[in-house]
Amino acid sequence: MKKLVYFLFIFLLGFGELKIKSFNYSQGEIEITLEEPKIEVKEIPEGSFSIISLPVSGQSVEEGRPLLPVIREFYQIPEEGQPEIEIKSFEKREIDLVYPIYPLQPPIPKTGEKPPFTMDKDFYERDFYYPEKLAEINLIGYIRGRRIIVFEVYPIRYNPKKNKIEFYSKINLEIKIKNGNLGKTFQKIRNFYSLPFEKRVKDLIINYKYYEIDPPILPIGYLIIVPDEWYNNLLPLAEWRLRKGYKVWVKKLSEVGGGSADVVRNYILQAYNNWPVKPSYVLLVGDVDKIGYFTGQGSGNPPTDLNFSLMTSGDYLPDIDVSRLSVANSIQLDSFVSKVIKYEKNEWITERDWLKKSYFIASSDGGNHQVAESTHQYCMRLQRRFGVICDSLYLYYNSGTPITTAINGGRAWVTYSGHGSYDRWADPNFTSDNVRQLTNIDKVPFVGTYACLSGDFSNSSYPECFSETWIRIGYRGAIGHYASSVTSYWVEDDTFQRRVFDAAYDSNFFWAMGMINKGKLMYFRQMGNTPTTRRYFEMYNLMGDGAIDIYWDIPKELDVSYPRVIPVGSYQLVINVQSSGEPVVNALVCALAKSDTSSHYFGYTDENGEVRFNIFTTQPDSIYITVTGHNLEPHIGACLAMPANQPYVSYLRHYINDDPPRGNGDGIPNPGEELEILTWVKNWGNETAYSVIGKFVSRDTLVTTSDTIKYFNDIGPQDSTFTGEDGFNLTISQNVFNGYNIRCSLLLKDINDSLWVSSFSIIVGTPILSYEDFCVKDSFSQRPNGRIDPGETADVLIKIRNTGLGHGYNVYAILKSSDTLFYIIDSFASFGTVLRGDTAINFNDHFKVFASQLIRPETEILCTLKLYADNYERITTFRIPIGRLTITDPIPDNRQPEPLYYAYDDVDTFYQQCEPFEWVEIRNVGTRLPITSDDQTIRIPLPFPIY
């Protein structure tokens, strides 16, 4: 048994701190300190209630009884151990309340009637403190071989009869474990170890640190289960995952034993328990007619795929990330497999700026639209911290970017919250047919739908549900879509959406199914172990491939270095990965022999961006080198294992000469240019290569090659040479776009007819100009304040950014607006040259505008900005707010874009609608209210007559 270690771990929880003061495997002492609770008053028709809040991780779970804050945490315990929890000491004080504590209400469904107000009145008459226990153990279960408990601490206890609370500002508790088996514990952790799962639970299990092990050298296990007739269709995806570094199995249903849900789960369970490498991801291929589904045990019994991931009985915490590639035929399957590979290899035919964009749609529901909107705002704040550009459509106000405009224009993330049905988002009415009409080729988002029924993949009346449609339409639609198979709830959807985004952006966890499942665990910690929580685990299922890493930025280019030739036999291969001159940490690197796939090596780069493989080959072979990682452009290359004392010549590097008149002379391949490609080659072998000839080849239909044969003559061992100033010629079509990848080959041959083939790429660069910000220059006006006020003429300066790979020459912009009360006096501005990666502001050539006096303050004027450069144009929009509401302005209602009414008071003297008035007491009957401030709550006895 290990000795006690003091002050080992401290969690800052926002409300105070949780400190593991001492720990060994038979007991752990935990100290919790808390700040003062916040007490607010909630006025509803049923009465006035107190709301007690601490920004803790959870809430109580008994409907109709007081809603109280709960500290709920995951804690690992040894195998066979019997856990107990004991309070050692505490500091508390009593607080009298004015109103009873608000009771926890049943979930509010997004469809159907709102449940009636629920309050256990008999409970509220009892003279005791609730909960009766200050702490308890709620659940014992497993997460990927780690045995965990969930313990709950109740820092506020309530006496309903006396209407007072006990607030525990400091609690010392002890978790004791009897008869734990440490040997079995660490053996099980090692046996089921999976790097994706370790990253997931590391910040969820509060004592994870003490059970951490040196990771075994095991690849990520990826199991595909597929109908026999589609086996070959899946092989390209399996081969790509193998090249990334995964251990991949593709199993036919005939090998599994059939497609019934129980049979498939039992096969997965057998693999999980017995295979040397356990599956971390499972991909089920086919709709429910091919592979069945389960009926959940949570409230409402949702159709679910969750059970395929439950490898230990007695809990509903996933041990594997399971997703369903629900397609109806081989054509849909082929297109989705190609879509995934293109997504992960960055082989898009479009610009890439869409990868930095996220889009949110909120319901028009009159009573709950603000729930969706506030949750979207929470998620936007998270994403914007990472530089993600967010826009939205708020349907209650009919304000924002239309759905087809946003998705066809390209968004990496799309999130909807509102009403739904089997084949649609219900508000707005965006159906499966609308999805099929999308034109977002290669700009495929990760879509989350928080609505009723949109993910019901089991309904025979709708053989293709809304969620399935998104992944079945070729290179359009979505890269993945998760949604609910049953009715969802407003507050619970709000909570789950926030936790999924927390899992991604706070925890840096971007595997598709991984972030969903981590979000479920975080939801459990907040909402507790209830039938509704299990329902949420079961009802949200992913259509697509759960192993995809979701982008939120334009992928960074990698500089990967390793020897191009290695000797046959034993060799330590060192691979270094950098980006912009800095080492890349935790990139997944794989070396795979072409002819012998059992020679399969993988690892993650260290703090120096380096990984080392002890390669062993038995014959000359190509060794594929693949480097991948989050928001990284994959490196797909190779080296050659060959016997010593032979030459080996390959492409080394190239230089672009695009001097006039062939091009603009900036060294960047642009559409329409003719390039002179000066090319270097190197002999990596230990013998001279004699009379080397090179042929330049590109099969790309958007380029034309000429002068393709060059003589490199004799090249000594480890020496290099180049074409000379007269390189290969390549002419680029005008029809290519920024980031277009021209794939080229160099065929090299020597006097002995040795043939070496090298591949390299030429990336086309164009400017991509986008609006970034604006400022107002009104120093010459009567009220200079840096904004445009009604009735004012002002200059507008606009900041633009070039995110493309090419420079923008002769950049100018034209400003337009269709608003009849907003006039563009000078609509033209020049920006000059905007280099790639740079910004520019029209300091020397301002726009000039005039805002009519009739524009109400804080109106946002929609403007169109037309951006131009040599061989480039783009139209974008932004909004300019006019004025600001002050104390002397009438107050509009909240309806957008135009209010229905304004409220005028006696200080709005600049407006003719403001009538002078004074209060005169006609008859002093009644009670004078003791109001002494502008913000004060007065309890009014009910019923209360209004005359």
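Computed quantities for the displayed model
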| read-out | value |
| --- | --- |
| Check on N508, modelled with pLDDT under 95 and assigned to a loop (DSSP other than H, G, I, E, B) | yes |
| Test: D493 is assigned by TED's automatic domain parsing to the domain that holds T405, assigned to a helix (DSSP H, G or I), of a type outside the set (A, V, I, L, M) and surrounded by 24 or more Cβ atoms within 10 Å (Cβ to Cβ) | yes |
| Among residues of the stretch 548-591, those that are crowded, with 17+ Cβ neighbours inside 10 Å, part of a loop (DSSP other than H, G, I, E, B) and of a type in the set (V, I, T), counted | 5 |
| Single residue of the stretch 680-699 satisfying the filter (among the β-branched types (V, I, T) and surrounded by fewer than 23 Cβ atoms within 10 Å (Cβ to Cβ)) that is farthest from P620 (Cα to Cα) | V697 |
| Count of the stretch 605-642 residues which are of a type in the set (D, E, K, R) and either surrounded by 21 or more Cβ atoms within 10 Å (Cβ to Cβ) or not in a strand (DSSP E or B) (or both) | 3 |
| Subset of the stretch 726-763 [surrounded by 14 or more Cβ atoms within 10 Å (Cβ to Cβ) and assigned to a loop (DSSP other than H, G, I, E, B)] | G727, S733, V736, F737, N738, G739, Y740, D750, S754 |
| Number of the condition not met by T766 [criteria: (1) part of a loop (DSSP other than H, G, I, E, B); (2) without any contact (Cβ under 8 Å) to a residue 24 or more places away in the chain; (3) hydroxyl-bearing (S, T, Y)] | (2) |
| Restricting the stretch 243-264 to residues that are in a helix (DSSP H, G or I) and farther than 16 Å from W275 by Cβ, the residue that is nearest to the chain's Cα centre (by Cα) | K244 |
| Members of the stretch 850-873 found to be touching an Asp or Glu at 6+ places or on another chain (Cβ under 8 Å) and modelled with pLDDT of 95 or more, listed by number | F850, A851, K866, L867 |
| Inter-residue pairs, beta-carbon under 9 Å, first within 27 Å of L283 (Cα to Cα) and in the stretch 202-224, second in a loop (DSSP other than H, G, I, E, B) and among the charged types (D, E, K, R), 6+ apart | K202/E212; L218/K278; G221/K278 |
| Selection count where residues are touching a Lys or Arg at 6+ places or on another chain (Cβ under 6 Å) and closer than 18 Å to Q853 by Cβ, scope the stretch 770-788 | 1 |
| Flag for D442 being without any contact (Cβ under 8 Å) to a residue 12 or more places away in the chain, surrounded by fewer than 20 Cβ atoms within 10 Å (Cβ to Cβ) and acidic (D, E) | no |
| Inter-residue pairs, beta-carbon under 7 Å, first under 12 Å from G637 (Cβ atoms) and in the stretch 557-578, second among the charged types (D, E, K, R) and assigned to a loop (DSSP other than H, G, I, E, B), 6+ apart | L558/E633 |
| Selection status of A829, closer than 30 Å to P890 by Cβ and at pLDDT 95 or above | no |
| Exclusive hit being in a helix (DSSP H, G or I) and surrounded by 20 or more Cβ atoms within 10 Å (Cβ to Cβ), set F186, F151, F197 | F197 |
| Close pairs from the stretch 695-723: first closer than 22 Å to W684 by Cβ, partner of a type in the set (D, E, K, R) and part of a strand (DSSP E or B), Cβ under 6 Å, at least 6 apart | S720/K682; T723/K710 |
| Residues located in the stretch 592-604, provided they are surrounded by 18 or more Cβ atoms within 10 Å (Cβ to Cβ) and not in a strand (DSSP E or B) | S599 |
| Test: residue in the stretch 335-355 that is of a type in the set (G, A, S), more than 20 Å from D493 (Cβ to Cβ) and free of Cβ contacts under 8 Å to residues at least 40 places away in the same chain | no |
| Top-ranked residue of the stretch 221-241 - restricted to ones that are surrounded by fewer than 21 Cβ atoms within 10 Å (Cβ to Cβ) and of a type in the set (A, V, I, L, M), ranked as farthest from the chain's Cα centre (by Cα) | L235 |
| Y651 being more than 18 Å from N741 (Cα to Cα) and either in a loop (DSSP other than H, G, I, E, B) or in contact (Cβ under 8 Å) with a residue 12 or more places away in the chain (or both) | no |
| Residue satisfying all of: in the stretch 134-144; out of contact with any Leu (no Cβ under 6 Å at 6 or more places or on another chain) and either at pLDDT below 95 or β-branched (V, I, T) (or both); farthest from E40 (Cα to Cα) among these | I140 |
| The lone exception for D789 - which of (1) in the same structural domain as D714 (by TED's automatic domain parsing); (2) touching a Gly at 6+ places or on another chain (Cβ under 6 Å); (3) acidic (D, E) it fails | (1) |
| Which listed residue is in contact with an Asp or Glu (Cβ under 9 Å, 6 or more places away or on another chain) and within 16 Å of Y130 (Cβ to Cβ), from I87, I52 | I52 |
| Residue, nearest to T701 (Cα to Cα), within the stretch 755-770, restricted to residues that are modelled with pLDDT of 90 or more and not hydrophobic (A, V, I, L, M, F, W, C) | S761 |
| Residues satisfying the stated conditions in the stretch 379-414, i.e. in contact (Cβ under 8 Å) with a residue 60 or more places away in the chain, surrounded by 15 or more Cβ atoms within 10 Å (Cβ to Cβ) and hydrophobic (A, V, I, L, M, F, W, C) | C379, L382, V388, A412, W413, V414 |
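Table: residues versus (1) assigned to a helix (DSSP H, G or I); (2) closer than 30 Å to H635 by Cβ.
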site	(1), (2)
F308	yes, no
S313	no, no
S323	no, yes
A328	no, no
V340	yes, yes
E344	yes, yes
W348	no, yes
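This table checks each residue for (1) crowded, with 17+ Cβ neighbours inside 10 Å; (2) of a type in the set (V, I, T).
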site: L67; (1), (2): yes, no
site: Y75; (1), (2): yes, no
site: P83; (1), (2): yes, no
site: K92; (1), (2): no, no
site: V98; (1), (2): no, yes
site: L104; (1), (2): yes, no
site: P131; (1), (2): yes, no
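Yes or no, residue by residue, for (1) over 27 Å from G418 (Cβ atoms); (2) surrounded by fewer than 22 Cβ atoms within 10 Å (Cβ to Cβ):
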{"position": "I291", "(1), (2)": "yes, no"}
{"position": "T295", "(1), (2)": "no, yes"}
{"position": "D315", "(1), (2)": "yes, yes"}
{"position": "K345", "(1), (2)": "yes, yes"}
{"position": "T350", "(1), (2)": "yes, yes"}
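Conditions (1) surrounded by fewer than 20 Cβ atoms within 10 Å (Cβ to Cβ); (2) touching a Lys or Arg at 6+ places or on another chain (Cβ under 6 Å), marked per residue:
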{"residue": "G455", "(1), (2)": "no, no"}
{"residue": "S461", "(1), (2)": "yes, no"}
{"residue": "S485", "(1), (2)": "no, no"}
{"residue": "V500", "(1), (2)": "no, no"}
{"residue": "Y523", "(1), (2)": "no, yes"}
{"residue": "G528", "(1), (2)": "no, no"}
{"residue": "M539", "(1), (2)": "no, no"}
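The values are calculated or read from the model by the stated rules, or taken from the named source; none is laboratory data. If you're wondering where the values come from, they're calculated on a predicted model, not measured in any experiment. Note: ideal-geometry Cβ built from the backbone for every residue, glycine included; neighbour counts use all protein chains shown.
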